[in-house]
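Read the structure below first, then the notes.
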Amino acid sequence: MLIKKPSDIKASEITDEKHYKDRRKFMQVGLGLAGAAAIPGLWLPGPVHAAREKLQGVQPSQYSSTEKPTSYKDITTYNNFYEFGTSKTDPAKYAHTLKPEPWSIAIEGEVAKPGNYHLEDMIKASTLEERIYRFRCVEAWGMVIPWVGLSLGDMLKRFEPTSRAKYVEFTTLYDLKQMPGQRRSVLNWPYVEGLGINEAMHPLSIMAVGLYGEVLPNQNGAPLRLVVPWKYGFKNIKSIVKIRFTETMPRSTWAASAPREYGFYANVNPAVNHPRWSQAKERIIGSGSIFARRKKTLMFNGYAEQVAHLYAGMDLRKNF
Ligand SMILES: Nc1nc2c(c(=O)[nH]1)N[C@H]1C(S)=C(S)[C@@H](COP(=O)(O)O)O[C@H]1N2
Ligand SMILES: [Mo]
């Protein structure tokens, strides 16, 4: 868990924390009296709908950024999760319909051990780490997020990929009841993303199951979502139900919907602009709306030293 000095904590954040704790107390009492089924609705609309549960045994990581994380409030109320609506504030309002427990993941394709696996078992078999990572959306805004996650490579190796596994494809839940935004055809559902196997196996790639030391809120992709910090935000697919190992390049949702704008690689690259806007700078979320700070976007989002070798000899203008 991240330890903050009191002087780092804004007054607004302290208020939020207290509010959440009070709500959590109420929630626990409510559960005892009426059971979980009676609770939804009581909290609506609001940023967090379930009790905030601390994750145990979280280790620090050598890969963490030393920058100051964005506030919990900004990370959980400024989201992209089109399954719950297309505005940044929609996921926090509407993602309470998602039921992240129990959850299982189908493992398919080029692996020796395909099957359906319970998320709990996967987590128990792994080390949980806090990974404070820069986050960069293709829309030219950024945050610093203290994820809790497990190494994606370690997790994938347990299913024993075959030598034909060149890519890994990830698929989000498709369920009109839990994800009402899927009734609107803003994207082809379910949401799909993919990585090269070498990208998936890179030590920076994680499956996040939490943030700020606690269980991942629904709006951030509960119960597990991909985090690949050198790639634009849209690669970081949420609420994953299927992982498929393939020989051919997966057809990712954004690349399929607008191939000129969103490539398969989606590596953060200030030198390659989106066709409709520059990628040279980013707006820092939470730095104040009037004089919102902008900073220069870094190659591979600042992780060039660790990942540039994956793309040696590639034309990154063509493979964007
Ligand atoms: N299933 C799914 N995953 C998704 C998205 C989405 O709409 N649906 N949006 C993506 C985009 S564009 C971004 S910027 C990040 C936002 O993650 P955050 O809301 O946790 O900050 O999630 C990505 N993963
Ligand atoms: Mo994004």
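The values are calculated or read from the model by the stated rules, or taken from the named source; none is laboratory data. Predicted, not measured: the structure shown is a model, and the values here were computed from it. Here Cβ is always computed from backbone atoms with ideal geometry, including for glycine, and neighbour counts include all displayed protein chains. To get the accessible areas, we keep the full protein, side chains included, count just its heavy atoms, and leave off ligands, DNA and RNA. Shrake-Rupley method; radii C 1.70, N 1.55, O 1.52, S 1.80 Å.
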Does at least one position in the range 275-295 carry a residue that is surrounded by 13 or more Cβ atoms within 10 Å (Cβ to Cβ) and touching a Leu at 6+ places or on another chain (Cβ under 8 Å)?
no
Only one of (1) within 22 Å of THR253 (Cβ to Cβ); (2) out of contact with any helix residue (DSSP H, G or I) (no Cβ under 7 Å at 6 or more places or on another chain); (3) open to solvent by 10 Å² or more (accessible area, probe 1.4 Å) fails for GLN62. Which number is that?
(1)
Residues in the range 216-224: is at least one farther than 23 Å from VAL111 by Cα, more than 15 Å from ligand 1 (Cβ to nearest atom) and surrounded by fewer than 23 Cβ atoms within 10 Å (Cβ to Cβ)?
no
Within the range 286-320, which residues are of a type in the set (D, E, K, R) and touching a Lys or Arg at 6+ places or on another chain (Cβ under 7 Å)?
ARG294, LYS295, LYS296
Those residues of the range 106-121 which are open to solvent by 10 Å² or more (accessible area, probe 1.4 Å), in contact (Cβ under 8 Å) with a residue 40 or more places away in the chain and of a type outside the set (Gly, Ala, Ser) amount to GLU108, GLU110, VAL111, LYS113, PRO114, LEU119
Could you check how many residues of the range 195-225 are closer than 22 Å to PHE264 by Cα and among the aliphatic types (A, V, I, L, M)?
9
Please enumerate the residues belonging to the range 228-276 that are under 23 Å from LEU298 (Cβ atoms), in a strand (DSSP E or B) and more than 13 Å from ligand 2 (Cβ to nearest atom).
ASN267
Helices (runs of 4 or more DSSP H) enclosed by the range 74-186 - at least 2 residues per element that are within 14 Å of ligand 1 (Cβ to nearest atom) and over 25 Å from LEU310 (Cβ atoms):
90-94
Name the single residue, out of those in the range 296-320 being outside any loop (DSSP other than H, G, I, E, B) and among the charged types (D, E, K, R), that is most open to solvent (accessible area, probe 1.4 Å).
GLU305
Residue check, ASN198 open to solvent by 10 Å² or more (accessible area, probe 1.4 Å) and in a strand (DSSP E or B):
no
